[in-house]
Amino acid sequence: MDKLFSKVKTPIWFMRQAGRYLPEYKKLRSTEKTFLDLCFNSEKAAKISLQPIERFDLDFIILFSDILVVPHALGQRVDFKENIGPILEPINNKHDLNYKKITSNLKILDPVFKTIKLLKMKNRRKKVIGFCGGPFTVLTYMIEGGTSKGHEKVKLKVKREKKELLEMIEVLIEFSSLYLIEQIRSGADIVKIFESWASLLDKEEYFDFIIKPNMRILENIKNVFPNIPVACFPRRSGSQIFNFVKNVGCDIISLDEKFPEELLEIAKKKNIILQGNLNPKVLIQGGKKMEEEIKKILLRFNNNRHIFNLSHGILPQTPIANVEKTIKLIRDYDETR
């Protein structure tokens, strides 16, 4: 993992660094009818992945894809509507999925693996980050049928149909593990598990639906590729992040803008790299507020190994000038130390 810090003290990348805030992305997006078509066009997906590298010279390439290619590969109908987001045909249990020939399901995602291979050919200087959604996060979309404000359906099922949900989690653990391993075989230098809806659960449910699945995926990866760094993002876990870090042997952990201060010392002892954690709304706001927040973050993580990032993805209305300013502030700060 020390190679991640071979050139700079504070490496930089941003969640959703390739996307709707860039005019070059919008231009390429308009050439495909659907978002999934764009994800599965390897040449275009590779170009999009490299757009923020060409514009900003960021330190990592993040694969352009989506966490919902997994339910798509498992036979669930997935669509993306402009200004609405993902739309899925809701399912109730694992029998609604086509999951009994996992290797055939994985073949559906060959275009993603081809994208990674193209990225390694086109830019050998930068590390490539592959990813998938955490099993519970992907499951919430599969059950709710898309983005949900209250997540009432999945919350109710956790209480009333826990056994059935855990059966679906099993399918997602197996498939996600194989998916990430194949990304690594294709050239990914790091892989990340986005558990974006970890905040919906607490106590026993958090352990069963968040900690155990992430732990098992990570173990499956390390059994094949012991030296590949694995990043986890159990978003908005609050104090439960202590239990997560205790049980899930991740190499990198992404942080929200708010997290328990004790985590800094725990990460140092466990040799965990911390990643984060500028609020994306502050990146939109810019100005003195943004400068102050960036400096606070750099000071806060000064004694830890730290990758600068956001606490979630770049928002579409983010001014490009603010992204450029952020990168300059971080790199100038590093040079003075």
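The values are calculated or read from the model by the stated rules, or taken from the named source; none is laboratory data. On a predicted model such as this, the values are computed, not experimentally measured, just so you know. Neighbour counts run over all protein chains shown; Cβ positions are idealised from the backbone, glycine included. Remember, those area values only see protein heavy atoms, side chains included, never the ligands or the DNA or RNA. Shrake-Rupley method; radii C 1.70, N 1.55, O 1.52, S 1.80 Å.
Summary table
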{"item": "Positions within the range 224-236 being part of a loop (DSSP other than H, G, I, E, B) and surrounded by 15 or more Cβ atoms within 10 Å (Cβ to Cβ), in sequence order", "result": "225, 228, 229, 235, 236"}
{"item": "Residue satisfying all of: in the range 292-322; farther than 23 Å from residue 260 by Cα and not aliphatic (A, V, I, L, M); most open to solvent (accessible area, probe 1.4 Å) among these", "result": "317"}
{"item": "Test: residue in the range 83-95 that is in contact with a His (Cβ under 7 Å, 6 or more places away or on another chain) and closer than 27 Å to residue 208 by Cα", "result": "no"}
{"item": "Residue in the range 177-184 that is open to solvent by 40 Å² or more (accessible area, probe 1.4 Å) and farther than 20 Å from residue 207 by Cβ present", "result": "yes"}
{"item": "Residues of the range 291-303 satisfying the condition of being part of a loop (DSSP other than H, G, I, E, B) and within 30 Å of residue 213 (Cβ to Cβ)", "result": "301"}
{"item": "Tabulated pairs, the range 165-178, first charged (D, E, K, R), second part of a helix (DSSP H, G or I) and modelled with pLDDT under 95, C-beta under 8 angstrom, 6+ apart or interchain", "result": "167/94; 170/94; 174/102"}
{"item": "Subset of the range 127-156 [out of contact with any helix residue (DSSP H, G or I) (no Cβ under 6 Å at 6 or more places or on another chain) and charged (D, E, K, R)]", "result": "127, 149, 152, 155"}
{"item": "Residues within the range 83-104 that are among the hydrophobic types (A, V, I, L, M, F, W, C) and under 18 Å from residue 158 (Cα atoms), tallied", "result": "1"}
{"item": "Any pair with Cβ under 9 angstrom, 6 or more apart, that starts in the range 120-131 at a residue that is aromatic (Phe, Trp, Tyr) and ends at one that is surrounded by 17 or more Cβ atoms within 10 Å (Cβ to Cβ) and assigned to a loop (DSSP other than H, G, I, E, B)", "result": "131/63; 131/65; 131/67; 131/188"}
{"item": "Output for the range 121-147, where each listed residue is in a helix (DSSP H, G or I), surrounded by fewer than 18 Cβ atoms within 10 Å (Cβ to Cβ) and not hydrophobic (A, V, I, L, M, F, W, C)", "result": "122"}
{"item": "Looking only at the range 184-205, and only at residues there that are in contact (Cβ under 8 Å) with a residue 60 or more places away in the chain and part of a loop (DSSP other than H, G, I, E, B), the one that is farthest from residue 66 (Cα to Cα)", "result": "201"}
{"item": "Test: residue in the range 58-69 that is surrounded by fewer than 18 Cβ atoms within 10 Å (Cβ to Cβ) and more than 19 Å from residue 147 (Cα to Cα)", "result": "no"}
{"item": "Among the candidates 270, 288, 325, residue that is within 23 Å of residue 232 (Cα to Cα), charged (D, E, K, R) and open to solvent by 50 Å² or more (accessible area, probe 1.4 Å)", "result": "270"}
{"item": "When residues of the range 24-42 are limited to those that are farther than 25 Å from residue 76 by Cβ and touching a Lys or Arg at 6+ places or on another chain (Cβ under 9 Å), the one surrounded by the most Cβ atoms within 10 Å (Cβ to Cβ)", "result": "28"}
{"item": "Some residue of the range 254-276 being on the phi > 0 side of the Ramachandran plot, within 18 Å of the chain's Cα centre (by Cα) and not aliphatic (A, V, I, L, M)", "result": "yes"}
{"item": "Filtered residues of the range 5-23 (kept if among the β-branched types (Val, Ile, Thr) and open to solvent by 40 Å² or more (accessible area, probe 1.4 Å))", "result": "8"}
{"item": "Among (1) surrounded by fewer than 19 Cβ atoms within 10 Å (Cβ to Cβ); (2) touching a residue at least 60 places away in the same chain (Cβ under 8 Å), the one test that residue 82 misses", "result": "(2)"}
{"item": "Considering residues of the range 148-165 that are touching a Leu at 6+ places or on another chain (Cβ under 9 Å) and of a type outside the set (A, V, I, L, M) only, the residue surrounded by the most Cβ atoms within 10 Å (Cβ to Cβ)", "result": "157"}
{"item": "Cross-chain or 6+ apart pairs with Cβ under 7 Å, the range 252-267 first and in contact (Cβ under 8 Å) with a residue 12 or more places away in the chain, then open to solvent by 50 Å² or more (accessible area, probe 1.4 Å) and assigned to a loop (DSSP other than H, G, I, E, B)", "result": "256/236"}
